Amino acid sequence: MAGEGACRTDCVERPLSRSLRRLGGLVGAHPWPFLLLPVALSAALGAGFVQLPSRKSNDIEAQFTPRWGPAKADRRLVQDRFPTRDSERFSAQRLTTEGAFASFVAVAEEPSHTLLTPTAFAGLLALDAAVRGLNASGRTFGEVCARTDGSCASPNPLISAVGDDPARIETLLPGLTFPLWRGQVYLGASLGGVTVDAGPAEDKSRPVRAAKAMRLFYFLQEDDAAQREASVKWLKAFLEQIPDVLASLNLTSVKVAYFTSLSRQEEFDENTKEAIPLVSVTYTLMIFFSIMSCSRFDCVRTKVWIAAFGVLSSGLAVVSSFGLLLVCGVPFVITVANAPFLILGVGVDDMFIMVSCWQQTKVKDKVKDRMAATYAGAAVSVTITTLTDVLAFYIGIATSFPSIQSFCIYTGTAFIFCYIYNLTFFGAVLALNGRREESNRHWLTFMKVPTETQESRRSAYNMCCVGGSYNESTGAEFEHPMNGFFRKHFGPFLMQPWTKVFVVVLYLVYLGSSIYGCTRVKEGIDLRHLANDRSYVIKYYNWRDKYFEEYGERVMVIVPESIPYWNSAVRADLENCMELIENSTYVDKYLSDSWLRLYVTIANRISLNIDNRSSFTGNLSILSRVKPESQWDVNFTDLEISASRFFIQIVNATTSVDKKNFLEQLRDFAAGCKVPLIVYHPAFIYFDQYLVIAQNTIQNILIATGAMLVISLLLIPNPLCSLWVTFAIGSVIVGVTGFMAYWDVNLDTISMINLVVCIGFSVDFSAHISYAFVSSEKPSMNDKAVDALYHLGYPVVQGAVSTILGVLVLSMSTTYIFRTFFKIMFLVILFGALHGLVFIPVFLTFFGFCPLLPKHQFDLHNENSHTVESVNYVKGTSMKIL
């Protein structure tokens, strides 16, 4: 025999099938323990759900930013070098975090097109007064506000300048310039939709003619725990009261959108509540589809109970796995709420495989023997898909994003339980249902009914009164009509020469459009997507991006250690570094702020020599007199400057690509400087995802694809067929990624989860069709393809429809996270089914280089059976296609 003395290509497949055949016989002989033990285990592990409130971990920064992002380390350094004191010397541009604040974007009502009118400012001043009058637990805004020079920080420079007289805006307007006003007041973050008068190119601040929008910020103190708690209480009171406040003000000249530093997180937390009703609807849909899919016009052979309990088996897997992980302390993130929908689809598909294998067994055999044959036939099919899916998710744990890690842990573990429960709990249900069929009892009443005859089979009478017919020539149940459709109609149609030409053209169009789409995919999660579509924060984000997109972050350029600033050569190196950074296309050098430049200018003006240590450090007090806030940018201790910082202004960075590019540019410039430098802004915590999301995705895809290839080589006893598995994985992933761009889906932590799913599902759609083709004994390539479709076509359709139904209700969600999960899963299933049913069967006829596999026979008899059935791996089963 070929392969004597060496490990054959089926050295894993054959023993696995034999082991599960023995398990199937055991389940068939003793179903009740296998039914009750999983139920008891689920009940015990389900108690872990009491830990759910304490395990919820929906902190946006912690879950949706890279765990080891450089900006997080930079933030710790900045906080150490430049501690803030919100109660004494607050400065918004010097915040090391986002801060605690309430904010408004006010937009001019038509037809004025400008807020710079007394009428508009009257409304804004009324709004300002209302906010200052809000209180929480008896504490007013004045008690919790961030302070500078003993008074609350101004919400907007123009509000402060106008005071309590809105008519003053008319007197200020002739001298109002943008983006700098009066040479030092920066208005880029405060005034939006600005129209300026034309002027010389060198004049960077020009007279303002109109402004469509204005932003107001009310910052609160965060110096210690007590202040943070008071600020949170005030912000919560703000969110509760501000809708009524706005309604009572009845503003006619301005429209207002509001937001707080708590809003994004609170709105994100609300999304979890939407998952519960969606899950209930999904399980109802899936039960209905499963029953309809498994029903027959035979009151004995119909599989109603099997379908219902097959869905229940997936539910038990979710309860057991989630309960176990909650007890173990694994964080529960909102992304995990997507997992039950996916697990349900996969579990139901396993059910279809086992039912299909059961229907291929001889109905007159004992239940124990039929169960052994069912398990032997389904062994490799169910195991290969479970292994690929579990491995795909467990490999995803290596990502830098905690939200993806949690999802992968929960989903991968649930797939393991799903596999175990399908072989135990569902197998027991199948065996008990087999006993009912064996005694020819009605599926509902469990009363014995007359055996169906050929004559009664042509009548509707058998649907409720007779049953138990089977194909006497094969000994198995009658062929399902859908299998006949693929054998008689779809397969021959696909093998027509003109159809093949069309399929090739279709694939080239698919591949070309997918590759183009891959070049258009946006990277990174848009924080507005973490809120519900109906949330008040959406309007705020939309107006902010519309009117304030030109002027972006005010970035700190930090010298984190002591250097000899009095050395003119060192100052020159530092100045060269700053100029290099300022020459970036994303930086407006005219808006930079440097204490050192100011100091040197003052020194030159008064003829002060600062080229020695004592003189340089001894005269630093000049800065505090000329520009008091400059002293906050110099950490001066023990007669030396241990750290200092400067500020640059980012402009025209409106897309995720822009943000990625300028962040990489700034860090590269800082790393290449002779003087030690780092660049930091609180938003960089989120921008770090742009730098690693594509890298993490490609890394996970390559590792998982390699693992899938190894599994295919082990479980599909033909190495060349594994090449088709790899081809399908790559083709489907390219298609899904490309079409994400057309469906307005970013490459972010949410979609990255689904691309990991895509890998496992691509294997499910491709491995078995390739194996079925090369296993076929038909003489021609076309006949082999038709034969493969005959055995696999209906399971492909069943699996595709069931998985889509599993996520269908997510398309109706008002939450981006759930809708994105649906979109990508829909693309995965659509393209996977397209490859399995159309592309691969046709391509195999062109490149059918895989030789015919040896027809391994699996002995399905037991010691008490007088019949030995020789069942080919493919011929006797319908493979699992998700």
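General remarks:
- A Förster radius of 60 Å combined with the Cβ-Cβ distance from Val185 to His489 puts the calculated FRET efficiency at roughly 0.20.
- Highest to lowest packing among 793-800, 678-685, 810-817, 158-165, scored as the average C-beta count within 10 Å: 793-800, 678-685, 810-817, 158-165
- The stretch 100-260: relative contact order as a whole-number percent, Cα under 8 Å and 6+ apart: 43 percent
- Evaluating 6.51 cos²θ - 1.76 cosθ + 1.60 at θ = phi - 60° for every residue in the stretch 667-681, the Karplus couplings come out as 5, 5, 4, 5, 5, x, 7, 5, 9, x, 9, 9, 10, 8, 8 Hz, glycine and proline recorded as x.
- Low-density loop positions, trypsin sites (Lys or Arg not before Pro), the stretch 303-406 - DSSP coil, at most 15 other Cβ in 10 Å: Lys364
- Mean-position separation - Cα centroids, the stretch 644-680 and the stretch 299-335, in angstrom: 49 Å
- Loop-located chymotrypsin sites (Phe, Trp or Tyr not before Pro) in the stretch 203-286 (DSSP state other than H, G, I, E, B) with a sparse environment of at most 13 neighbouring Cβ atoms within 10 Å are absent.
- Taking label positions 7 Å along the Cα-Cβ direction at both Arg14 and Ser248, the computed distance is 8.4 nm, reported to one decimal.
- For the pair the stretch 50-80 and the stretch 163-219, the centres of their Cα atoms are 37 angstrom apart.
- Relative contact order (%) - the chain, alpha-carbon pairs under 8 angstrom, separation at least six: 19 percent
- DSSP-assigned coil residues among trypsin sites (Lys or Arg not before Pro) in the stretch 501-561, each with at most 11 further Cβ atoms within 10 Å: Arg520, Arg534
- Taking 0.36 nm per residue of sequence separation and removing the Cα-Cα distance, the Ala92/Ala29 pair yields an extension gain of 15.3 nm.
- Relative contact order for the stretch 220-332, counting Cα pairs under 8 Å that sit 6 or more residues apart, in percent: 13 percent
- Sequence ranges 497-503, 133-139, ranked by mean other-Cβ count within 10 angstrom, highest first: 133-139, 497-503
- Packing-based ranking, highest mean first, of 688-701, 70-83 given that Cβ atoms within 10 Å are counted: 688-701, 70-83
- Separation in nanometres of the label points that stand 7 Å from Cα toward Cβ, at Tyr590 and Trp68: 4.4 nm
A short reminder: the numbers here are calculations on the coordinates, not readings from a lab. Note that the structure is a prediction, hence the values are computed from the model and not measured. A quick note on method: Cβ atoms are made from the backbone with ideal geometry, for glycine too, and the neighbour counts reach across all protein chains shown.
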